[in-house]
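These notes concern the structure reproduced below.
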Amino acid sequence: MSDYLKIYEVGPRDGLQNEATAVTTEQKLRLIDGLVKAGLRHIEVTSFVHPKAVPQMADADAVMRATLQKHGDKGINFVGLVFNQKGYDRALAAGCRHMAFGVAVSETMSQKNTRMSTRQALNITRSLLEQARRDGVWTRVYLITAWVCPFEGPVPPHKTIAVAEEVWAMGVDELALGDTIGHAHPLEVGRLVEDLGRRLDINKLAVHLHDTQALGLANATAALQAGVRIFDSSVGGLGGCPFAPGAAGNLATEDLVFLAYKMGLGTGVDFDALWQVVYEMEQIVGRPVGGRIRQWWESVCRIEPALAYK
Ligand code: COA
Ligand code: ZN
């Protein structure tokens, strides 16, 4: 089992999509600069969705173009989230060559999020994956509400497994299980991941966790013990879905990086540089942000900087 974690940073997309404060394109680009500097190599920078549905992502085309222009030669995967053909066409036109698609396992969530049924979303995803293969685009598919739906409650594991197997059979580079509202617990996270790990390639399975009930790190640990090595997180712990009531912030990147550090697992992230991005995010949204490690980390740094973990 690999002793390296792939961190898939979602701060510029999931982190900002639900943010009430207007965030300019320039601010987003500075944020992305900071993430690149901190060593993050997989960054979901925006979503090509309807600007009325998610106004914060209305500048998707500009953000993707400018990011690729500035950092396109560094071997970093800059991902755009896409739900339909129009989104795919916009992403491709902006130069995007790494795309994430999404299917909500729960029917109500699917309707609220994208105005389509789970079956329609699966059919669209199949078509987008085929085009992506032809266009040489790297792909990920999110299974939204893999454990719990804000409208329907617990999602039966057999439903998530069925959707996962169907998407897997379509041919995808990465499959991400989303605890969209952060209500899953470690035992069910471990169980589902173990089960899916037997059915498909666990090295291509990611978990997308939210920290709503303070179980983000516990859930990450359960997935880690079951063999997962790809984790989504958001710098400063920002995040939430405008269509999923109760969804609080994502698992914070600084918490995840620290967990990996404690366990002797590599991430390639420079912890000090990451803090600069946390503070930048704080400036952008105009309120305190930061994962659960922040208070302890700052107290230690103030008292004994030599203790600072690298
Ligand atoms: N980008 C921009 N415009 C889009 C678009 C996209 N990706 N998809 C559709 N549109 C436009 C169409 O061109 C059409 O415009 P027109 O009326 O001027 O011709 C109009 O929107 C309606 O098109 P339709 O295909 O019926 O889409 P929809 O209104 O059902 O919207 C989604 C579908 C998926 C684009 C929309 O529900 C959405 O953006 N959801 C956001 C999901 C999300 O980001 N969730 C959070 C992350 S999980
Ligand atoms: Zn999310």
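The values are calculated or read from the model by the stated rules, or taken from the named source; none is laboratory data. Computed from a prediction, not measured in an experiment: that's the story for all the values here. Please note: Cβ atoms are built from the backbone with ideal geometry, for glycine as well, and neighbour counts cover all protein chains shown. Surface areas here come from the heavy atoms of the whole protein model, side chains and all, with no ligands, DNA or RNA. Shrake-Rupley method; radii C 1.70, N 1.55, O 1.52, S 1.80 Å.
When the accessible area of the chain is computed with all protein chains present and a 1.4 Å probe, what percentage of it is carbon and sulfur?
52
Could you give the length gained on full extension between M1 and T25, defined as 0.36 nm per residue of separation minus the Cα-Cα distance, in nm?
4.7 nm
How large is the dipole of the chain about the Cα centre if only Lys and Arg carry +1 and Asp and Glu carry -1, each at its Cβ, rounded to the nearest 20 debye?
About 480 debye.
Could you pull the accessible area for I293 with a 1.4 Å probe, rounded to 10 Å²?
Roughly 20 Å² of I293 is accessible to a 1.4 Å probe.
Please compute the modelled spin-label separation between E298 and D73, points set 7 Å along Cα→Cβ, answer in nm with one decimal.
Roughly 3.9 nm, to one decimal.
In nm, to one decimal, how far is the H185 label point from the R287 one, both placed 7 Å along Cα→Cβ?
With each label placed 7 Å out from Cα toward Cβ, I get 2.9 nm.
Using Cα springs under 10 Å in a Gaussian network model of the chain, which residue among Q27, Q295, Q17 shows the largest mean-square fluctuation?
Q295
Roughly how much of Y4 is accessible, in Å² to the nearest 10, using a 1.4 Å probe?
Result for Y4: roughly 110 Å² accessible.
What share of the DSSP beta bridges in segment 6-297 is antiparallel, in percent to the nearest 5?
In segment 6-297, DSSP labels about 10 percent of beta bridges as antiparallel.
Using heavy-atom solvent-accessible surface (probe 1.4 Å) with all chains present, what is the largest-first order of L187, L215?
L187, L215
Per DSSP helix of 4 or more residues, -39500 (n - 2.57); summed, then divided by the residues of the chain. What does that give at 222 nm, rounded to the nearest 500?
One gets -13500 deg cm²/dmol as the mean residue ellipticity at 222 nm.
In segment 1-108, which trypsin sites (Lys or Arg not before Pro) are in a loop and have at most 12 other Cβ atoms within 10 Å, using DSSP for the loop call? Present the calculation step by step, with values, prior to reporting the outcome.
Numbers: sites: K6, R13, K28, R30, K37, R41, K52, R65, K70, K74, K86, R90, R97; in loops: R41, K52, K74, R97.
Sites meeting the loop and neighbour criteria: K52, K74.
Considering Cα pairs under 8 angstrom that are at least six residues apart, work out the relative contact order of segment 6-297 and quote it in whole percent. Display every interim value, and only then the final one.
Details: 618 pairs, mean separation 57.5, N = 292.
In percent, rounded to a whole number, it is 20.
On the full set of protein chains, 1.4 Å probe, figure out the accessible area of C301 and give it in Å² to the nearest 10.
Accessible surface of C301 is approximately 40 Å².
With a sphere of radius 13 Å drawn around the Cβ of L215, what net charge do the other residues whose Cβ falls strictly inside it have (Lys, Arg +1; Asp, Glu -1)?
Local net charge: -3.
Please tell me the relative contact order of segment 28-114 in percent, rounded to the nearest whole number, where contacts are Cα pairs under 8 Å and at least six residues apart.
28
For E298, E26, E130, give the ranking by accessible area with the largest first, probe 1.4 Å.
Reading off the accessible areas and sorting them downward yields E26, E130, E298.
Using +1 at the Cβ of each Lys and Arg and -1 at the Cβ of each Asp and Glu in segment 6-297, identify which of H71, G286, A218 lies farthest towards the dipole's positive end.
Toward the positive end, the furthest listed residue is H71.
Name the residue farthest towards the positive end of the dipole of segment 161-273 from the options N203, T253, A176, assuming +1 on Cβ of Lys and Arg, -1 on Cβ of Asp and Glu, about the Cα centre.
N203
Give, in nm to one decimal, the length gained when the segment between D272 and Q120 is fully stretched (0.36 nm per residue of separation minus the Cα-Cα distance).
Numbers: separation 152, 0.36 × 152 = 54.72 nm, distance 4.43 nm.
Roughly 50.3 nm would be gained on extension.
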